[in-house]
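The values are calculated or read from the model by the stated rules, or taken from the named source; none is laboratory data. Here the structure is a predicted model, which means the values were calculated and not measured. FYI the Cβ positions are ideal-geometry reconstructions off the backbone, even for glycines, and counts take in every protein chain you see.
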Amino acid sequence: MLDVDRINVYYGAIHILWNVSLRVVEKSIVAIVGPNGAGKTTLLKTIVGLLHPNSGSITFLGRSIHDLDPDKIVSLGVTLVPEGRRLFSQMSVEENLIIGAYNKEARSKLGETLEWIYQLFPILRERKRQLAGTLSGGEQQMLAIGRGLMSKPRLLMLDEPSLGLAPKLIPIIFNVIKKIRDEGITVLLVDQNVHYVLKFVDKGYVMEFGKIVMEGDKEELLKSEQVKRSYLSVV
């Protein structure tokens, strides 16, 4: 579905991503893990068109997208749920969701998609008239994911979906991510909760200093001595 081939990305004169390549197979869950500052968020922003690579290519369903603007990429079926949720705090839950359905196809199926979101996150139906800024952290994360799904993506990218959540809420969020994949939506995510993430993804990539330093399926990464030492607190 997604093929990132040797991209290099700069912020001004600063070289952030170095010959980064990855592949995402349709209807899979793929994780990018690594320390803060490794370039993970930069990679997601580049895929969705907020940044453009200086070299290399990105293709989605066989079409080159690395030189397209974000609205064009979203219309093709790629959506990013950013770190920090970025909700409209003074608007209601339902208003935030409706804003997510801004492309033509999504608008044509707004009611159907909205009902699906409420089935995935029943608490959002209960809170649909409530201001987004008054929700708990877990509810806000559910709303952010729901708003992303309103655009009818084929590839949903999640940046730190478990960040700041109470430990008891993390399994709930990841179980919903599994349900999303089971509905046929491919998921690419970045998350600091490496031990939890690697237990349920199909494939993972490890980024350090703007480079992919390791890749493999979950079994390979969980058995890796480097991953154990660096990210799983195993000596």
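Values as computed for the structure displayed
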item: Test for V187: is it at pLDDT below 90 and of a type in the set (V, I, T); result: no
item: Matching option when the condition is touching a His at 6+ places or on another chain (Cβ under 7 Å) and of a type in the set (A, V, I, L, M), among I58, I65; result: I58
item: Enumeration of residues in region 31-48 that are touching a Gly at 6+ places or on another chain (Cβ under 7 Å) and either free of Cβ contacts under 8 Å to residues at least 40 places away in the same chain or not in a loop (DSSP other than H, G, I, E, B) (or both); result: A31, V33, K40
item: Output for region 11-20, where each listed residue is over 14 Å from L188 (Cβ atoms) and surrounded by 14 or more Cβ atoms within 10 Å (Cβ to Cβ); result: I16, L17, W18
item: Total residues in region 47-106, condition among the aliphatic types (A, V, I, L, M) and more than 21 Å from V25 (Cα to Cα); result: 11
item: Residue satisfying all of: in region 96-115; without any contact (Cβ under 8 Å) to a residue 40 or more places away in the chain and surrounded by fewer than 15 Cβ atoms within 10 Å (Cβ to Cβ); farthest from S75 (Cα to Cα) among these; result: E115
item: Close pairs from region 61-84: first at negative phi, partner modelled with pLDDT under 95 and part of a loop (DSSP other than H, G, I, E, B), Cβ under 6 Å, at least 6 apart; result: V74/S151; S75/N103; T79/S151; T79/P153; E83/E160
item: Boolean, G146 is under 21 Å from the mean Cα position of the chain (by Cα), surrounded by fewer than 15 Cβ atoms within 10 Å (Cβ to Cβ) and of a type outside the set (D, E, K, R); result: no
item: Output for region 77-89, where each listed residue is modelled with pLDDT of 90 or more and part of a loop (DSSP other than H, G, I, E, B); result: G77
item: Output for region 2-19, where each listed residue is farther than 16 Å from D67 by Cα and out of contact with any Lys or Arg (no Cβ under 7 Å at 6 or more places or on another chain); result: Y11, G12, A13, I14, H15, I16, L17
item: Matching residues in region 140-193 - criterion: being charged (D, E, K, R) and closer than 18 Å to L110 by Cα; result: R147, K152, R154, E183
item: Answer residue from region 197-218, given it is surrounded by fewer than 17 Cβ atoms within 10 Å (Cβ to Cβ) and within 16 Å of the chain's Cα centre (by Cα) and is modelled with the lowest pLDDT among those; result: F200
item: S64 vs. criteria surrounded by fewer than 14 Cβ atoms within 10 Å (Cβ to Cβ) and hydroxyl-bearing (S, T, Y); result: yes
